[in-house]
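The values are calculated or read from the model by the stated rules, or taken from the named source; none is laboratory data. What you are looking at is a predicted structure, and each value in this text was computed from that prediction instead of being measured. Cβ placement follows ideal geometry from the backbone for every residue including glycine, while neighbour counts extend to all protein chains displayed. Note: areas computed on protein heavy atoms with side chains; ligands, DNA, RNA excluded. Shrake-Rupley method; radii C 1.70, N 1.55, O 1.52, S 1.80 Å.
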Amino acid sequence: MTRLHFFLHDTVSGENPSAVVIARPNITQPSSFGFGTLFAINDPLTVGPAPTSTLIGNAQGLYVSSSRDPAVFTTVMYADFAFTSGRFNGSSFSLISRSSSSDAIREFDFVGGRGAFRMAQGFALTQINFANMTTGDVILECNGKGLMLCGTTSLTVQVVTISCGRPSGWLVAFKCDTALTILWF
């Protein structure tokens, strides 16, 4: 199992935004980020929260504003998080999930990947590190957990019955080149 920690910089303002509106609904709304607004992103991923922090990759994809409530900015995001340096250079994982501004901690699901993240699954807990409510610029701190780094060709599954002073159960060990995960049922 691998744990990742990085920062995503979603910038919609200025001369060089990393997120741009590519479609808006044909309805009148109080906000330019209203229901049905579709964004394309190419957000930098860095090791720290500062925009000048070391760049380790980028998140490319789409998100759509999915809440009719103008007080709660909710999106559904579809993105590929690609790493361009470090241990995972050339690898990426895919994310599909919902995010609401009303949640202090948000959970995103990983649904696959390529390279070291082939067949990846897991989740990321994110929280806002910085937000400018006027411009819409946000820096998210991402803590990826439960990310399996195993492809189907290198996965060995062992199932054994054990007893440890409590009722017997199943111990499942998933082992691959980079990880060992043990689950108790």
Problem set entry | Residue selected from region 1-16 under the condition in a loop (DSSP other than H, G, I, E, B) and under 14 Å from residue 132 (Cα atoms), by the criterion farthest from the chain's Cα centre (by Cα) | 14
For this session: Take region 117-146 and flag every residue that is of a type in the set (Gly, Ala, Ser) and not in a strand (DSSP E or B).
Result: 120, 136
Seminar exercise, completed: The correct count of residues that are within 30 Å of residue 28 (Cα to Cα), in contact (Cβ under 8 Å) with a residue 24 or more places away in the chain and touching a Gly at 6+ places or on another chain (Cβ under 6 Å) in region 69-120 is 1
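Could you please give the count of residues in region 67-96 that are on the phi > 0 side of the Ramachandran plot and not in a loop (DSSP other than H, G, I, E, B)?
Total meeting the criteria: 1.
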For this session: With respect to residue 35, determine if the residue is part of a loop (DSSP other than H, G, I, E, B) and at negative phi.
Result: yes
Exercise. How about region 84-112: which of its residues are within 11 Å of the chain's Cα centre (by Cα), under 14 Å from residue 45 (Cβ atoms) and among the basic types (Lys, Arg)?
Worked result: none
For this session: Evaluate region 123-133: report whether one residue or more is in contact with a Gly (Cβ under 6 Å, 6 or more places away or on another chain) and touching a residue at least 60 places away in the same chain (Cβ under 8 Å).
Result: yes
Seminar exercise, completed: Filtering region 56-83 down to residues that are more than 20 Å from residue 123 (Cβ to Cβ), more than 16 Å from the chain's Cα centre (by Cα) and surrounded by 15 or more Cβ atoms within 10 Å (Cβ to Cβ) yields 65, 67, 73
Problem set entry | Of all residues making up region 84-108, the number that are open to solvent by 70 Å² or more (accessible area, probe 1.4 Å) and of a type outside the set (Gly, Ala, Ser) | 7
